[in-house]
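Everything on this sheet refers to the single structure shown next.
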Amino acid sequence: MQDKKKKIVFSGVQPTGALHLGNYLGAIKNFVDLQEDHDCLYCIVDLHAVTVWQNPNDLKSNILDVASIYLASGIDPKKSTIFVQSTVPYHSELSWILNCVTRIGWLNRMTQFKEKAGKNRENVSSGLYTYPNLMAADILLYFSDLVPVGDDQKQHLELTRDIAQKFNNDYSDFGGKDFFPIPNPIIMDESSRVMSLRDGTKKMSKSDPSAMSRIEFKDSNDLIVKKISKAKTDPLPIPNNVNDLETRPEVHNLISIFSSLAGLKITTVLNDYSGKQFSEFKKDLSDLLIENIEPIRDELIRLDNDHSFLLDILEKGTNEAMKRSSLNMKKIRDIVGLGY
Ligand code: AQP
């Protein structure tokens with residue numbers, strides 16, 4: 001139920017493959033903490049997923065996997081609304097209106113599009129290009145105040161703020177003045193960008209062809225140990241000051257992961273390990289990862305055997321999101337002058 005006194009939080013994860021430590025530390029761990037004193041909506045953004053072609057059977061099972069990971073990580077359906085984006089059609093409707101608010105020049109500046117489209121720009125879907133407008137719609141549809149995301153989504157959030165401001169200005173004489181709250185991102189410091197275990201200059205990603213580049217929620221303890229022991233480092237010892245990490249991306253990444261899992265400052269981790277062998281550090285990092293991932297993995301196995309529980313939560317989430325967004329969408333249509 002919507003609590004009018006609490007700030008509204010919205011965020012989502014794409015069901016595009018096996019979720020990983022980057023999704024956890026950059027987003028989901030934060031989702032769990034926020035639900036204690038915020039009004040949270042956590043979405044499985046399947047409409048975003050199809051901006052790149054997805055096998056329909058895989059997509060369906062990935063949607064349920066994200067829902068299970070939300071729950072297993074500690075998102076409590078009694079405190080937060082968990083739902084699938086495409087089951088609430090107003091996301092698409094508002095996204096169309098925002099397509100008409102956003103300027104092409106703004107979209108042209110989006111670095112994620114440039115990275116994802118690469119040299120293939122003429123051949124990617126137009127959905128990939130207008131993706132940030134759908135993301136803005138997701139957020140603004142619920143009048144969200146706060147959006148917990150990884151560092152890679154910062155630019156899209158800034159665009160969402162520009163879109164909200166332009167809508168409010170364009171329609172200021174028609175009820176739009178201060179209509180959409182201007183949402184703020186919440187980005188964790190140490191973990192805002194978890195990098196690949198194989199290349200410290202690339203972010204950890206579901207779409208990396210090598211599963212050795214990422215820690216997945218369903219990895220066994222042995223596999224976690226193997227991935228960390230094979231994680232790329234360099235021949236130098238662990239440094240004792242943060243500045244020395246700047247030119248050592250792989251080491252920086254492993255130290256950052258340790259620091260966010262342990263809840264310690266990077267300087268504290270460096271104090272504890274400087275001069276020591278990577279083998280000792282990696283053993284402790286694996287133990288810390290197992291300590292965090294094993295309980296989530298056990299819960300995922302339990303949920304795999306209880307699909308009706310999962311479907312029931314998603315249906316309740318859709319009902320709540322529909323109730324809230326239909327009221328907001330009606331106001332938006334009125335302001336824009338749509339319908340009769
Ligand atoms: N490596 C990361 N470090 C920190 N945060 C991350 N996020 C993703 N990767 C990292 C954050 O997780 C949330 C959900 O991400 P998403 O699945 O919706 O989209 P994404 O950023 O495109 O994730 P991937 O894993 O990189 O997927 P693919 O490979 O399909 O593009 C977001 O808040 C994101 O910031």
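The values are calculated or read from the model by the stated rules, or taken from the named source; none is laboratory data. Note that the structure is predicted; figures quoted are calculated from it, not measured. Don't worry about glycine lacking a Cβ; one is built from the backbone with ideal geometry, like all the others, and counts go over all protein chains shown.
Some observations on this one:
- Exclusive hit being modelled with pLDDT under 95 and more than 23 Å from residue 180 (Cβ to Cβ), set 49, 18, 67: 18
- Top-ranked residue of region 61-88 - restricted to ones that are among the β-branched types (Val, Ile, Thr) and in contact (Cβ under 8 Å) with a residue 60 or more places away in the chain, ranked as nearest to residue 313 (Cα to Cα): 82
- Scan of region 45-59 for residues that are part of a loop (DSSP other than H, G, I, E, B) and either touching a Pro at 6+ places or on another chain (Cβ under 7 Å) or of a type in the set (S, T, N, Q) (or both), ordered by number: 51, 54, 55
- Within region 15-44, if we keep just the residues that are part of a loop (DSSP other than H, G, I, E, B) and surrounded by fewer than 23 Cβ atoms within 10 Å (Cβ to Cβ), the residue that is nearest to the ligand (Cβ to nearest atom) turns out to be 16.
- Scanning region 60-117 for residues that are crowded, with 17+ Cβ neighbours inside 10 Å, β-branched (Val, Ile, Thr) and part of a helix (DSSP H, G or I) yields 63, 66, 69, 87, 97.
- Pair list, Cβ < 6 Å and 6+ apart or interchain, from region 149-166 residues that are modelled with pLDDT under 95 to residues that are of a type in the set (A, V, I, L, M) and within 9 Å of the ligand (Cβ to nearest atom): 150/27; 151/187
Here is a yes/no grid of residues against (1) away from the ligand (no atom under 11 Å from the Cβ); (2) in a helix (DSSP H, G or I):
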| position | (1), (2) |
| --- | --- |
| 205 | no, no |
| 224 | yes, yes |
| 235 | yes, no |
| 240 | yes, no |
| 244 | yes, yes |
| 254 | yes, yes |
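- Among the residues listed as 142, 131, the single one being over 30 Å from residue 253 (Cα atoms) and among the hydroxyl-bearing types (Ser, Thr, Tyr): 142
- The sole residue among 186, 238, 182 that is within 24 Å of the chain's Cα centre (by Cα) and surrounded by 15 or more Cβ atoms within 10 Å (Cβ to Cβ) is 186.
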